[in-house]
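In what follows, a single structure is set out as structure tokens and then discussed.
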Amino acid sequence: MALSADADVQHSGSSAPTLLLDAGTGLRQVPALLNQRPYKGSILLSHLHWDHVQGLPFFKSGDHPGAQVTLLIPPQEDGADAEHVLARMMSPPLFPIGPHQLRGNWRFGVLPPAAFSDDGVAVESFRMTAREIPHKGGRTVGYRISDGHASLAYLPDHCPTEIGPGPDGWGAYHPAALELARDVDLLIHDAHLFPDELAAEASFGHAAADYAVGLGAHAGARQVVLFHHKPDRRDDDLDRLVARFASAAPTVRGAFDGLELDL
Ligand SMILES: [Zn+2]
Ligand SMILES: [Zn+2]
């Protein structure tokens, strides 16, 4: 299993990703991975915030006559279906076309209840489980993806202080987060904040990098990728963020555009 930092996942030995985690502007980089061929696979959304959906209308491999895409969103509190929810962002006058006008064969759906069971469900020959996690403004899930050989957990937007301060003040190591990250080869986690920003900014729905590393340690993850950087960070800031964990177990690295990892 391999992935890159806009969180596209592909099976070992295959030539193209078949699973995309979220649909932010990172989707603009996927056509190059596909050699400009149409996308045939699934997109799993963690939640519907702009930074996780606004790549969708500009996803050339998906907006393509040969595309075959299944897009799944978390169950909505008001029961709204996926296409309807996406059309709130993607329809006139905010955008010229709606989701149903993307070319190719698109299927929009809500995560089935079985995705929240212990065994999860099959998606593109991966085993996927979802768990609801605290964030802000709308239901948010984290994902665990496995190919039977390697596993990863993906919690891009997570506010564990909503549940409590936890043992070290970074937020509670709650059962949903621990289940997703248990013994994974790779934990991709929200690291939006430095610890000294937590008190003032956690209410926006994000985690300190220290929580990401702490969760990795509590859950037995082998590697943590710090993800969802604050937009105004400079490279020096991110180097400083990651360097704080140079001697940490598990191994910690910072996500960057184009990062590729083999698991
Ligand atoms: Zn969010
Ligand atoms: Zn986000």
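Here ASP8, ASP78 are screened, and the one residue that is more than 29 Å from LEU187 (Cα to Cα), modelled with pLDDT under 95, out of contact with any Phe, Trp or Tyr (no Cβ under 9 Å at 6 or more places or on another chain) and more than 16 Å from ligand 2 (Cβ to nearest atom) is ASP78.
Taking the numbered list (1) closer than 22 Å to VAL110 by Cβ; (2) touching a Phe, Trp or Tyr at 6+ places or on another chain (Cβ under 9 Å); (3) not basic (Lys, Arg) in turn, ILE133 passes all entries but (2). Could you tell me whether any residue of the range 135-148 is within 16 Å of ligand 1 (Cβ to nearest atom), touching a helix residue (DSSP H, G or I) at 6+ places or on another chain (Cβ under 7 Å) and of a type in the set (Lys, Arg)? Within the range 135-148, one or more residues are within 16 Å of ligand 1 (Cβ to nearest atom), touching a helix residue (DSSP H, G or I) at 6+ places or on another chain (Cβ under 7 Å) and of a type in the set (Lys, Arg). Restricting attention to the range 13-44 and to residues that are within 16 Å of ligand 2 (Cβ to nearest atom) and more than 19 Å from VAL121 (Cβ to Cβ), the residue that is surrounded by the most Cβ atoms within 10 Å (Cβ to Cβ) turns out to be ALA23. Every listed requirement among (1) of a type outside the set (A, V, I, L, M, F, W, C); (2) in a helix (DSSP H, G or I); (3) within 16 Å of ligand 2 (Cβ to nearest atom) is met by HIS47 save one, (2). Taken over the range 50-65, the criterion of being outside any loop (DSSP other than H, G, I, E, B), out of contact with any helix residue (DSSP H, G or I) (no Cβ under 7 Å at 6 or more places or on another chain) and away from ligand 2 (no atom under 15 Å from the Cβ) is satisfied by PRO57 alone. Within the range 40-54, being touching a Ser or Thr at 6+ places or on another chain (Cβ under 7 Å), under 16 Å from GLY24 (Cα atoms) and away from ligand 1 (no atom under 14 Å from the Cβ) holds for one residue alone: SER42.
Considering the conditions (1) of a type outside the set (Lys, Arg); (2) surrounded by 21 or more Cβ atoms within 10 Å (Cβ to Cβ); (3) in a loop (DSSP other than H, G, I, E, B); (4) within 16 Å of ligand 2 (Cβ to nearest atom), PHE245 is excluded by exactly one of them, (4). Pairing each residue of the range 98-114 that is under 12 Å from LEU72 (Cβ atoms) with any residue that is in a loop (DSSP other than H, G, I, E, B), provided the two are 6+ apart or on different chains, yields C-beta distances under 6 Å for VAL110/PRO75; LEU111/PRO74. Each residue in the range 109-127 was checked for being part of a strand (DSSP E or B), of a type outside the set (Lys, Arg) and surrounded by fewer than 20 Cβ atoms within 10 Å (Cβ to Cβ), and 4 of them qualify. Between PRO160, PRO156, PRO167, PRO231, the distinction of being modelled with pLDDT under 95 and either within 16 Å of ligand 1 (Cβ to nearest atom) or more than 27 Å from ALA122 (Cα to Cα) (or both) belongs to PRO231 only.
Set side by side, the residues LEU21, LEU34, LEU94 differ, and just one is touching a residue at least 40 places away in the same chain (Cβ under 8 Å) and outside the structural domain of GLU260 (by TED's automatic domain parsing), which is LEU21.
Of the residues in the range 98-108, how many are assigned to a loop (DSSP other than H, G, I, E, B) and either at negative phi or of a type in the set (Ser, Thr, Tyr) (or both)? Of the residues in the range 98-108, 3 are assigned to a loop (DSSP other than H, G, I, E, B) and either at negative phi or of a type in the set (Ser, Thr, Tyr) (or both).
The values are calculated or read from the model by the stated rules, or taken from the named source; none is laboratory data. As the structure is a computational prediction, the values presented were derived from the model and not from experiment. Every residue, glycine among them, receives a Cβ derived from its backbone with ideal geometry; neighbour counts consider all protein chains shown.
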